[in-house]
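Here's the structure, in structure tokens; my notes come after.
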There are 2 protein chains.
Amino acid sequence: MSNWNTVAIIGVGLIGGSLGLALREKKLANKIVGIGRRAGSLKKARQAGAVDSTTTDLARGVKDADLVIVCTPVGQIVEFARQAAAHGREGALITDVGSAKESIVNVLSQDLSRGVAFVGSHPLAGSEKAGVEFARADLFEGRVTVVTPHRRTKSEHYSAIAGLWESLGSRVVRMTPAAHDAAVAATSHVPHLLASALAAATPEELLPLTAGGWLDTTRVAAGDAELWRQILAENSSHVLNSLAKFEKVLKAFRAALEDGDQARLLSLLEAGKQTRDTLGS
Amino acid sequence: MSNWNTVAIIGVGLIGGSLGLALREKKLANKIVGIGRRAGSLKKARQAGAVDSTTTDLARGVKDADLVIVCTPVGQIVEFARQAAAHGREGALITDVGSAKESIVNVLSQDLSRGVAFVGSHPLAGSEKAGVEFARADLFEGRVTVVTPHRRTKSEHYSAIAGLWESLGSRVVRMTPAAHDAAVAATSHVPHLLASALAAATPEELLPLTAGGWLDTTRVAAGDAELWRQILAENSSHVLNSLAKFEKVLKAFRAALEDGDQARLLSLLEAGKQTRDTLGS
């Protein structure tokens, strides 16, 4: 018996496509419907085996779904989740995969129609690559997925969504939306901003002299610019706070270099190495 | 016929060890001597097949060498190159692999004893990994090596060193030491500094919430702290200049976030993406 009868995935790119592949591989749904705006992307999703059927008509796509997963860029999650609630089954459960949660969860935890409930999720499994062609059934295996219930969220709804991610191989971390947003500002959004600023600040004529270090440090800057604009804008206050902490360390580096303070310079590099060494390569 | 009779490698870690492996694999030297301070590292270098023999006695190690390659951290290159010149063969050629060149090349282009000549090199092939256990014969294949002649450098000496790197598979770029140092400040030293500052600024309790983006962006921060202290200190004026350019872009990002200027935020992200997309993943 499958956990879900019909799952509707709105936005079948890297994350949505990987969800479809994983749900099918693990036989967790009887039917998976892919919903999108471009027929071309939907065709690719069908060809990749990520979904059973597709439609560009959201109302039709969510009609029979007991679970709807919104995998669009963060700026569109609220709107699509609302449409899904309006046109979906009574008692359907909706989640998302957005990188910023606070305002989305606040808005969508107001009464949705007919017993439909929203519980926010964020699988930490993104990539600078976009599109269903990069989707993988094991994308969530061994990854952390943060699930961010609102104080109104019923425990059975939280458990169902946490169970979804666990069944896909994720380790679920429960956080408030605000704590999540503060955390990922530091661990994901500021790193993206820095990578992007570094890439933008590198003179083009010097690119032939870059090597592995520059490539690693700037890799995420290749991510979709509009998608990241939405994330940074949505989470701007936490990002600015986190950026201020980074700027403080950067200022200490600058002062050590300007003053020729070798002991300070070494201790800053050692602090960075110590933190980085905590995790693997 | 080998290109070199005896090659002495001072410092047999990742780079020195890879040089030994590559020279042996390509049969470019009749004999390769590894010189180091720690018997344990030298033993590993012999076991890895990177060198034919080893010694902790620099004078003895360089005695018969027609080529000496100094692969120590930048802070020790001048001292070891001078010792090699003092104890080496008449007419021996010395190069190095240091990441900062201007002061090293200036000092070592003064008359060395008995016709010994120094030509500076920098293969862009480093890694956050250290030690001969990570050495690879193909480390320089397809990589850029910058060769930085002084105005006193004789053309046959430049050609011999450029030829060395080409024979190891590198593409050689000829630059003045000052131009090299300005370039790598932007492409390598500032990226390292930022990666290190980002790692140091990330609260330890949030590390479980990092994913691929943070890992990529901070990867080089795992590099040896003392080695990088020497590089940043040696090249501090260029690093500070290059850092100022980065800070200007960062300030623009901050302003766009504070002002909610979405068009500006998007254009900054697009500029970073455009530069990053110029190179591969």
Subject >> Enumerated helices (runs of 4 or more DSSP H) restricted to region B:1-97, each holding at least 3 residues that are among the small types (Gly, Ala, Ser) >> reply: B:14-25, B:39-47, B:77-87
**OP:** State whether one or more residues within region A:213-221 are small (Gly, Ala, Ser), more than 19 Å from residue B:269 (Cβ to Cβ) and surrounded by fewer than 18 Cβ atoms within 10 Å (Cβ to Cβ).
**Re:** no
Original post:
When you look at residue A:11, is it touching a Cys at 6+ places or on another chain (Cβ under 7 Å) and either farther than 19 Å from residue A:147 by Cα or touching a residue at least 12 places away in the same chain (Cβ under 8 Å) (or both), yes or no?
Top reply: yes
**OP:** Please give the number of the condition residue A:111 fails out of (1) touching a Leu at 6+ places or on another chain (Cβ under 9 Å); (2) over 25 Å from residue B:273 (Cα atoms).
**Re:** (1)
Original post:
Mind checking which residues of region B:22-38 are open to solvent by 70 Å² or more (accessible area, probe 1.4 Å) and of a type outside the set (D, E, K, R)?
Top reply: B:30
**OP:** Look through B:147, B:78, B:105 and report the one residue that is away from chain A (no Cβ under 14 Å), farther than 21 Å from residue B:191 by Cβ and open to solvent by less than 30 Å² (accessible area, probe 1.4 Å).
**Re:** B:105
Subject >> Number of the condition not met by residue A:161 [criteria: (1) at the interface with another protein chain (Cβ under 9 Å from one of its Cβ atoms); (2) farther than 21 Å from residue B:206 by Cα] >> reply: (1)
**OP:** Can you confirm whether region B:82-90 contains a residue that is of a type outside the set (Phe, Trp, Tyr) and within 15 Å of the chain's Cα centre (by Cα)?
**Re:** no
Original post:
Quick check: anything in region B:174-184 open to solvent by less than 50 Å² (accessible area, probe 1.4 Å), at the interface with chain A (Cβ under 7 Å from one of its Cβ atoms) and touching a residue at least 60 places away in the same chain (Cβ under 8 Å)?
Top reply: yes
**OP:** Within region B:200-207, identify whether any single residue is under 30 Å from residue A:230 (Cβ atoms), more than 7 Å from chain A (Cβ to nearest Cβ) and open to solvent by 10 Å² or more (accessible area, probe 1.4 Å), and answer yes or no.
**Re:** yes
**OP:** Pick out, from region A:215-281, the helices (runs of 4 or more DSSP H) lying fully within it that include 2 or more residues that are more than 8 Å from chain B (Cβ to nearest Cβ) and farther than 28 Å from residue A:102 by Cα.
**Re:** A:236-259, A:262-278
Original post:
Does residue A:201 satisfy being over 19 Å from the mean Cα position of the chain (by Cα), within 28 Å of residue B:121 (Cα to Cα) and of a type in the set (A, V, I, L, M, F, W, C)?
Top reply: yes
Original post:
If you take the residues in region B:100-147 that are among the hydroxyl-bearing types (Ser, Thr, Tyr) and outside any loop (DSSP other than H, G, I, E, B), which one is farthest from residue B:65 (Cα to Cα)?
Top reply: B:103
Original post:
All but one of (1) under 19 Å from the mean Cα position of the chain (by Cα); (2) under 23 Å from residue A:277 (Cβ atoms); (3) of a type outside the set (Val, Ile, Thr) hold for residue B:185; which doesn't?
Top reply: (2)
Original post:
If you take the residues of region B:267-281 that are modelled with pLDDT of 95 or more and hydroxyl-bearing (Ser, Thr, Tyr), which of them is surrounded by the fewest Cβ atoms within 10 Å (Cβ to Cβ)?
Top reply: B:267
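The values are calculated or read from the model by the stated rules, or taken from the named source; none is laboratory data. Note that the structure is predicted; figures quoted are calculated from it, not measured. Cβ coordinates were reconstructed from backbone atoms using ideal geometry, including for glycine residues, and neighbour counts include every protein chain displayed. Just the protein is used for accessible areas: all its heavy atoms, side chains included, with ligands, DNA and RNA removed. Shrake-Rupley method; radii C 1.70, N 1.55, O 1.52, S 1.80 Å.
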